[in-house]
Structures are given as structure tokens and as C-alpha cells.
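A.B. asks: Pasting in a structure now, in C-alpha cells, and then I'll have a few things to ask.
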Amino acid sequence: MPEYAGSDEEAEKDLIAYCEKIDFDPEWVDPEKWAASIRIAQQKQYGFVEARKTILSDQEDLVKAGARDARQAKLDADAADLLTRITYDRDLKDSLVVTVLEQCAAAYVGGERVNLGLGGAPMDRGAYGELRDEWSAAGDLADGGVFSDFVSHAPQNKAALGKGQVGDTLAKRKVQGNLLVRIAGVRFNMHIDISN
């Protein structure tokens, strides 16, 4: 008899751990398919083994060339035409908003990690405050398109909150801000280091 979960929480915990093991963001899994995998993990005749196979299938589908082409086509058909509009917007064209959105869009098309980091030296808090305002302005321009749910978070001292470790790496986080956006329903999070 296969090993199976006794609850939604147990199934979800196992599947999230499995996603981390195979370096796959569960954010890419359609919510209905994720719910089905949770149910499969709880069925005695299928259990964790079959539920993990559904995750592997989702991961394989994600990296196929046809899937990348379809994601690019969604981006190209953006009803708000956000990426073009911000490059011509007087206040946004020279902003880091352009860079952040382009990195998120590239990660979306490529089926890459949804947690991204903006490189370079840590940003001044004042500059980050301005970037948050520009992020909101970009969100207003995105209305009705594939980009949605523009959210920004005030800087947090991740080390002080016990979140200083970056996954299984030796890298350490200190003060960090976050810009979040959904692209065709997939949530991306851009981490930005902030100077003390």
C-alpha cells in the first residue's frame, strides 16, 4: 500500500518539499491542478508517489518549447501593452520598473524561478521609496492586461526576523524590499537589497 497523506496540510507540506527538492516553484502549477495533486496524495491507492508524478508532469510541460512559445504569445498579446507603454512614459521610462518588469517577463516566458533578486549595490531607502511609487504607477498602466496585482513591501530586516539565510546557500540577507507582480496569474517576487 502506498504512503499517503492524512490531511490537506500534510499533502501540501510534502508536495512543497518535493517541489523544493526538484527545484520547481509550485507557483507555476495551476490552482486546480495543485488541488488535484493534494487530493491524489490523500488517496490510499495513489498516495505521495502518484501526486509527485503529477508535479513532475507539470514541470515537464513547463519547459517544453511549445509552452514557452505560448507564454511569449500571451505576453505579446498583452491588452494593456505595458512593457511598451512604460518605455514611453515620461516618468517611468528611465525607472528601474522597466528592468524589474523585463526580468519578471523573461522569467515568465522561460518558466524560471519566481523569486528573483535585483543585482547591484544595495539601494538607498529614499530611492526604494520612489521605486515603490513608480511600481504603483506601472500597476495603474497595466489595468486589463496580463500584468496584475502590483504590490510593494516596505524594507524589512530579514536577518532580525530570522529569515537571513538564502535557501541552502551561504548567502545572507539583511534589509530587503520586495516588488510583486502577477504575469498571466503567476506571481513573481523581486527582492531588492536596501542599504542600512
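The values are calculated or read from the model by the stated rules, or taken from the named source; none is laboratory data. Computed from a predicted structure; not experimentally measured. All Cβ positions, glycine included, derive from the backbone under ideal geometry; neighbour counts span all protein chains shown. Note: areas computed on protein heavy atoms with side chains; ligands, DNA, RNA excluded. Shrake-Rupley method; radii C 1.70, N 1.55, O 1.52, S 1.80 Å.
A.B. asks: By how many nm would the segment from Glu9 to Lys74 lengthen if fully extended, with 0.36 nm per residue of separation less the alpha-carbon distance? Could you put the intermediate results ahead of the total?
C.D. replies: Numbers: separation 65, 0.36 × 65 = 23.40 nm, distance 3.31 nm.
Separation in residues times 0.36 nm, less the Cα-Cα distance, equals 20.1 nm.
A.B. asks: Mind jotting down the three principal axis lengths of segment 1-51 based on Cα atoms? Whole angstrom, largest first.
C.D. replies: So the extents along the principal axes, rounded to whole Å, are 29, 22, 17.
A.B. asks: Something else now. Taking amide H atoms as placed 1.01 Å from N in the peptide plane, list the residues 5 or more away in sequence, or in a different chain, whose amide H sits under 5 Å from that of Phe147.
C.D. replies: It is Ala184, by chain and number.
A.B. asks: A further question on this structure: Which sequence of Tyr46, Tyr88 reflects their accessible areas, 1.4 Å probe, from the largest down?
C.D. replies: Largest to smallest exposure gives the sequence Tyr88, Tyr46.
A.B. asks: At 7 Å along Cα-to-Cβ for each site, give me the label-to-label distance between Asn178 and Gln45 in nm.
C.D. replies: 4.1
A.B. asks: Now a separate question. Suppose the chain between Ala127 and Ala35 were pulled fully straight at 0.36 nm per residue; how much longer would it get relative to their current alpha carbon spacing? Don't skip to the answer; put the middle values down first.
C.D. replies: Values: separation 92, 0.36 × 92 = 33.12 nm, distance 4.07 nm.
Full extension from Ala127 to Ala35 adds 29.1 nm.
A.B. asks: Here's a follow-up. In debye to the nearest 20, how big a dipole does the chain give about its Cα centre with +1 on each Lys and Arg Cβ and -1 on each Asp and Glu Cβ? Don't skip to the answer; put the middle values down first.
C.D. replies: Numbers: 24 positive and 34 negative charges, 101 e Å.
Dipole about the Cα centre, nearest 20: 480 debye.
A.B. asks: So how exposed is Asp23, as accessible area in Å² (1.4 Å probe, rounded to 10)?
C.D. replies: Taking all protein chains as shown, Asp23 has close to 100 Å².
A.B. asks: Now, a different point. If you plug each phi of segment 67-83 into the Karplus form 6.51 cos²θ - 1.76 cosθ + 1.60 with θ = phi - 60°, what whole-Hz ³J(HN,Hα) values come out, in order, with x for Gly and Pro?
C.D. replies: Taking θ as phi minus 60°, the curve returns 5, 4, 4, 5, 5, 5, 5, 4, 5, 5, 8, 3, 4, 7, 6, 4, 4 Hz for segment 67-83.
A.B. asks: Rounded to a whole number, what % of the accessible area of the chain do carbon and sulfur atoms account for, probe 1.4 Å?
C.D. replies: Values: 5440 of 11110 Å².
Here it works out to 49 percent.
A.B. asks: While we're here: Output the pairs from Lys93/Lys174; Lys21/Lys74; Lys21/Lys53; Lys13/Lys33 with a Cα-Cα distance over 18 Å in this structure; if there are none, say none. Display every interim value, and only then the final one.
C.D. replies: Working: Lys93/Lys174 29 Å; Lys21/Lys74 29 Å; Lys21/Lys53 13 Å; Lys13/Lys33 16 Å.
Distance filter (> 18 Å) returns Lys93/Lys174; Lys21/Lys74.
A.B. asks: Still on this structure: For the ranges 68-76, 180-188, what's the packing order if you count other beta-carbon atoms within 10 Å of each residue, average per peptide, and put the highest first? Numbers along the way, then the final one.
C.D. replies: Details: 68-76: 14.2, 180-188: 19.1.
Descending mean neighbour count gives 180-188, 68-76.
A.B. asks: Suppose all protein chains stay in the model; what accessible area per residue would a 1.4 Å probe give for segment 1-150, in Å²? Could the numbers behind the result be given before it?
C.D. replies: Details: 8660 Å² over 150 residues.
With all protein chains present, segment 1-150 gives 58 Å² per residue.
A.B. asks: Mind jotting down the three principal axis lengths of segment 44-93 based on Cα atoms? Whole angstrom, largest first.
C.D. replies: Sorted largest first, the three principal extents are 59, 22, 15 Å.
A.B. asks: Which value in nm describes the separation of the simple spin-label points at Asp23 and Asn115, placed 7 Å from the Cα toward the beta carbon?
C.D. replies: Each label point lies 7 Å from its Cα, and together they span 1.5 nm.
A.B. asks: Convert each backbone phi in segment 15-27 into a coupling constant with the Karplus relation 6.51 cos²θ - 1.76 cosθ + 1.60 (shift: θ = phi - 60°), then list the ³J(HN,Hα) values in order as whole Hz, x for Gly and Pro.
C.D. replies: 5, 5, 4, 5, 4, 4, 5, 9, 6, 10, 7, x, 4
A.B. asks: Related question: Would you mind calculating the gained length between His153 and Asp81 on full extension (0.36 nm times residue separation, minus the Cα-Cα distance), in nm to one decimal? Walk me through the intermediate numbers first.
C.D. replies: On the way: separation 72, 0.36 × 72 = 25.92 nm, distance 2.51 nm.
Extending this stretch completely gives an extra 23.4 nm.
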